[in-house]
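Asker: Sharing a structure here in structure tokens format.
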Amino acid sequence: MQQNTLAQRQQCDREDADLLRRIQRADQRALATLYDRYAPVFYPFGLRITGSHEVAEDVVHDVFLHVWEKGNSYSPQSGSVYAWLIATCRTKALEKTRATNQKRKGSNADGSQQQAAMVSEEKQSGQEIILAFKGYTEEVRNSLKNLSKLELRLLELSYYEGQSQSDLARMLRIPLGTIKAKMRRGIQKLRQASAQEGKQP
Amino acid sequence: MKTEERHAQHELCIPYVFGRLNPGNRKQFEAHLETGCEQCKRELSDLYEATALLPLLLKQEAPPSGLRQRLFSRLSTKRTEQPRGAKPAPTPQREAVEAPVTKAPPHSWYLYASMVMGALMIVGLLLFLNDQLRTTSELEKKLSDLQVQVQQKQDILGILQAYSVEMLQLVSVEAGSEASGKIFWEPEKRRAVLQVVNLPAQPVDKQYQLWLMKDKKYFRVSEFDVNTEKSNVFAVMTLPVGDKKEIEEFAITLEPRGGSTQPSGVIQLRGATK
């Protein structure tokens, strides 16, 4: 299964890189495919961090606008397109969370039917790319089943809410040493599940 | 940099990725990265890839359809302002022979002044129109969001305000648990609203499932996920039967994601009608 996951991951990476290259050439259809593939991941991710549907929408909007405007800031040496997108999404969601009590950013929309029609064509042609990613997601979920409940909880609290290890120890009434060990173990399992570790026999 | 120092910096990779470094340490670590430490860069890349798997465990949910249009409309607007990626239009080559210099006609400043005035008026008008359009668009989006929310509330209210509505309290079977719930349903239409409070977030591979017991048999009602909020309201579920006399119990269990045909997990909340 690991090899299967790795193969799917590599396929997704190649498709993402190709989409990003097209986006850098101002191809809106490529952006539409990337959107259809990842918006269903970024939206609940943004929601998990910000706790607000409305703010999560703004996060997704800003991530794809960032991809459109600054797609050339991605460097393949620093990892996959997906990891870059997720890191961007997390940063934007945390920024919004910090500014929770400030005025929400406004939005622009002019309801261009023509644009909607144009991108919906890409929706059809990008179906396979989206389904391929869904298959990969299922593989990842299966490969992360060996994360214990506590390991997953600690990773989530740390990753989504930015809780420090000492905060976690206080909050969960667990010794700091145990928190550190469980976090290390959880990260190790995550790494094993990621493509890099999948390469190892 | 000494090997020990490099090693010490390497230890900061995990807290850096999780955003747990204080500003001073972060700055120091970023300065270290700029020295070109390949070991730390590789470690960071691996960690970013690994942590990027976490969001894949969340239940995927497409954002409201209006967002897609909002995004692409924005791109369209921006492209009109300044085409992106496209090379600038080639500047016409200057003629090898300069055009003959013509003297400005007398009183030409009138012409320039009127041109400047006209341009300023056009710019002002465009700014005003742009502002008006933006305000209208924002209002339209808010209105659309509100309409969805109102529809959801109306659905819930429709049940709560029905001529005959039943309510049953669901309580936790686990000692010390603060979780509880309420189910409201309209017997005739068999439509129900479920509210759960303090139910812990489900593990990634699990989902809560609501059951209805009739004739000592459990019938599947619906699966649901709770979010981080204290109280979650789920509308509108259809019950297999609506008559309270036929319903013996409601129960909530934790089941494998996608739901089960029969309860397999421990009952989290329960409410008996008798």
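No lab work stands behind these numbers, since they all come straight from the coordinates. Since the model is a prediction, treat every value here as computed from it, not as a measurement. Quick reminder, even Gly has a Cβ in these numbers, built from the backbone with ideal geometry, and neighbours come from all protein chains shown.
Asker: Would you mind checking the pairs A:Lys92/A:Lys145; B:Lys189/B:Lys244; B:Lys59/B:Lys141; A:Lys145/B:Lys59; B:Lys59/B:Lys216 and listing those with alpha carbons more than 21 angstrom apart?
Answerer: A:Lys92/A:Lys145; B:Lys59/B:Lys141; B:Lys59/B:Lys216
Asker: What nm distance separates the two modelled labels at A:Arg141 and B:Met115, each placed 7 Å from Cα along Cα→Cβ?
Answerer: Label-label distance for A:Arg141 and B:Met115, simple model: 6.5 nm.
Asker: Does the stretch B:126-223 come out rounded, prolate or oblate by the C-alpha gyration tensor, with a ≥ b ≥ c the root eigenvalues, rounded set by a/c under 1.5 and, if not, prolate when a/b is larger than b/c and oblate if not?
Answerer: Prolate shape, in that a/c is at least 1.5 and a/b is the bigger ratio.
Asker: Please give the residues of the stretch B:237-259, grouped as numeric ranges, whose backbone N is less than 16 Å from a label point set 7 Å along the Cα-to-Cβ vector of B:Ser177.
Answerer: Counting only backbone N, you get B:250-256.
Asker: Is the stretch B:3-54 rounded, prolate or oblate when judged by the Cα gyration tensor, a ≥ b ≥ c being the square roots of its eigenvalues, rounded requiring a/c under 1.5 and prolate requiring a/b larger than b/c?
Answerer: Cα axes put the stretch B:3-54 in the oblate bin.
Asker: Using alpha-carbon positions, what is the distance between the centroids of the stretch B:9-44 and the stretch B:116-135, in Å?
Answerer: 48
Asker: 7 Å from Cα along Cα→Cβ at both B:Lys142 and B:Ala8: what's the point-to-point distance in nm?
Answerer: 5.3
Asker: Which whole-number percent gives the relative contact order of the stretch B:166-272, counting Cα pairs below 8 Å spaced six or more residues apart?
Answerer: 31
Asker: So who's got an amide H within less than 5 Å of the one on B:Glu246, skipping anything under 5 residues away but keeping other chains? H placed 1.01 Å off N, in plane.
Answerer: none
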